[in-house]
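Engineer: Sending over a structure as C-alpha cells; questions will come in a sec.
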Amino acid sequence: MARFDGGHTRNPPAELGICAALLAIGLLGGPAGAYDEMTVEKPASIVGVVKFSGTVPPPQRYRVTMGANPEYCRAIADADGNIVAPQVRVSALQELADVVVFLQEVEKGKPVPRDGPRVTVEQCRFGPRVVTGTIGQLLGVSMKDTIVHQIRGWEMVGKSRIPSFFSSGLNPGAEQAFPLHIKRSSILQLSCDQHRFMEGWVLITANPYATVTNEQGRFELTDIPPGTHTIGAWHPVLGYQEGTVTLTAGHQTTMTLTLTPPAAK
C-alpha cells in the first residue's frame, strides 16, 4: 500500500500509484449509524489534484434512434447523429475530473450535511455525471427536459446490478428524492430506460469526508481529525486505488494522486 506522509501547510505533493481494487461496502467502514458527529479540535485538511497517466480510453458513441427522441436529443449529437459520451475526462495538463476522493474508516468527525447530492437531467444527460453522498442522505433528482425520462438507480455488484429505485417520469421543474442506502454495494449507477447513453454515478460513503474532483482535477477535504487515515480515489471507469496519509493537527497537507487505466497496471 502506498503511504502519504502528512506535514505542514503546502507540503510537496505525494504520488499515489497503487493497484486497483474492487470498491465494495467493506472498504467504506461500518454500517449506517456507526458514524458519530463531534467538534474536531485543531482539524487538519487535505488539498490536492488527481492526475491521469496512460492512454485515455475512447469515448462511447451511440446512434440516436427513433425510440430515443431524436428530435430532442440530437441537440447534443455530432454531425453524424451520434451521441459521443466521454468516459474519462482529462485536461490538457492530465488533470482528471469525476474522481471521488474520500477517507475510509473515520468513525467520528464533522457533522454530516443535511442536504444530500443533487443530479439534474438536462439535454438528455445527468449532471453532474459523478456525485457522492453519505448513507442516510437523500439523492435529489430534478428534471429540466420536456421529454419523458424513466430514471433507475442500480447498485453495482461486479458486473451485476441490483435495482435500487425507479422514477416513472418527472415533469419539467419537478424533483424527486431517493434515500441513499447500501444493500451489497456502495456504487450506484443512474440510467434512463429510453436513452441508453444516459449514465450517472453515485458513490455512497459511511462518513462525510468525500468530494468529487472538478475539471482541473482539484479536490479538498476539510475538518479532518488528525492522525493516520486511509484515503481512497474512485472513478467509474478507472476503478479504485487507495493509500494512507498522516495528518498533523491544524495543518494542511497537499497531495497528488495518479490514476491509470486498468489495462496499464
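The values are calculated or read from the model by the stated rules, or taken from the named source; none is laboratory data. This structure is a prediction, so every number in the text was calculated from the model and none was measured. Cβ placement follows ideal geometry from the backbone for every residue including glycine, while neighbour counts extend to all protein chains displayed. What goes into the accessible areas is simple: the full protein's heavy atoms, side chains included, and nothing from ligands, DNA or RNA. Shrake-Rupley method; radii C 1.70, N 1.55, O 1.52, S 1.80 Å.
Engineer: Per residue, what accessible area does the chain have, given a 1.4 Å probe and all protein chains present, in Å²?
Structural biologist: Values: 12650 Å² over 265 residues.
With the other protein chains kept in place, the chain gives 48 Å² per residue.
Engineer: Okay, next question. Note down the magnitude of the dipole of region 82-181 about its Cα centre, charges +1 on Lys and Arg C-beta and -1 on Asp and Glu C-beta and zero elsewhere, to the nearest 20 debye.
Structural biologist: Numbers: 11 positive and 9 negative charges, 19 e Å.
For region 82-181, the charge dipole is close to 100 debye.
Engineer: Then there's this: So how far apart, in nm, are the two label points at Thr39 and Ser160 if each is 7 Å from Cα heading toward Cβ?
Structural biologist: 4.8
Engineer: For region 157-215, just run the numbers: alpha carbon Rg, then divide by 2.2 N^0.38 Å, N being how many residues it has. Spell out each step's value before the answer.
Structural biologist: Details: Rg = 13.4 Å, N = 59, 2.2 N^0.38 = 10.4 Å.
Normalised Cα radius of gyration, region 157-215: 1.29.
Engineer: Would you mind getting me the FRET efficiency between Ala249 and Arg184? Use the beta-carbon distance for r and R0 = 35 Å, nearest 0.05. All intermediate terms of the calculation are to be shown ahead of the outcome.
Structural biologist: Working: r = 37 Å, r/R0 = 1.06.
My answer for the efficiency is 0.40.
Engineer: What net charge do the residues around Arg152 carry, taking every other residue with its C-beta under 12 Å from that of Arg152, with Lys and Arg at +1 and Asp and Glu at -1? Can you show the working numbers first?
Structural biologist: On the way: positive: Arg161, Arg196; negative: Glu155, Asp193, Glu199.
Once all neighbours under 12 Å are counted, the net charge is -1.
Engineer: Still on this model: Along the positive direction of the dipole of region 51-128 (beta-carbon charges: Lys, Arg +1; Asp, Glu -1; about the Cα centre), which of Pro58, Val88, Ala68 reaches farthest?
Structural biologist: It is Val88, whose Cα lies furthest towards the positive end.
Engineer: Amide H neighbours of Leu170 under 5 Å, counting only residues 5+ apart in sequence or on other chains, H built in-plane at 1.01 Å?
Structural biologist: Amide H to amide H, under 5 Å and 5 or more residues apart or across chains, Leu170 pairs with His149.
Engineer: Hey, what do the phi angles of region 192-208 turn into as Karplus ³J(HN,Hα) couplings, whole Hz, using 6.51/-1.76/1.60 and θ = phi - 60°, x for Gly and Pro?
Structural biologist: Calculated HN-Hα couplings, in order: 10, 4, 7, 9, 6, 7, 7, 8, x, 9, 10, 9, 9, 10, 8, 9, x Hz.
Engineer: Along the principal axes of its C-alpha atoms, what lengths does region 108-239 span, in descending order and rounded to whole Å?
Structural biologist: So the three principal-axis extents are 50, 31, 30 Å.
Engineer: How much length would be gained if the chain were fully extended between Arg118 and Thr230, taking 0.36 nm per residue of separation minus their Cα-Cα distance, in nm to one decimal?
Structural biologist: Values: separation 112, 0.36 × 112 = 40.32 nm, distance 2.65 nm.
Full-extension gain reported as 37.7 nm.
Engineer: Determine ³J(HN,Hα), in whole Hz, for all residues of region 98-109 in sequence, where each value follows from phi through the Karplus function 6.51 cos²θ - 1.76 cosθ + 1.60 and θ = phi - 60°; x replaces Gly and Pro.
Structural biologist: 6, 9, 8, 10, 8, 9, 8, 6, 8, 8, 9, x
Engineer: Considering only the chain, what is the antiparallel percent among its DSSP beta bridges, to the nearest 5? Intermediate results must be reported in sequence, preceding the final value.
Structural biologist: Values: 53 of 77 bridges.
Just about 70 percent of them are antiparallel.
Engineer: While we're here: Could you work out how far apart the two model spin labels at Thr55 and Ser91 are, taking each label as a point 7 Å from the Cα in the direction of the beta carbon, and quote it in nm?
Structural biologist: Those two pseudo-labels are separated by 2.6 nm.
Engineer: In terms of Cα to Cα distance under 18 Å, which lysines are near enough to Lys183, apart from those fewer than 8 places away along the same chain?
Structural biologist: Lys159
Engineer: Grab the beta carbon distance between Tyr72 and Glu107, set R0 = 35 Å, and tell me the FRET efficiency rounded to 0.05.
Structural biologist: Working: r = 47 Å, r/R0 = 1.35.
Calculated transfer efficiency: 0.15.
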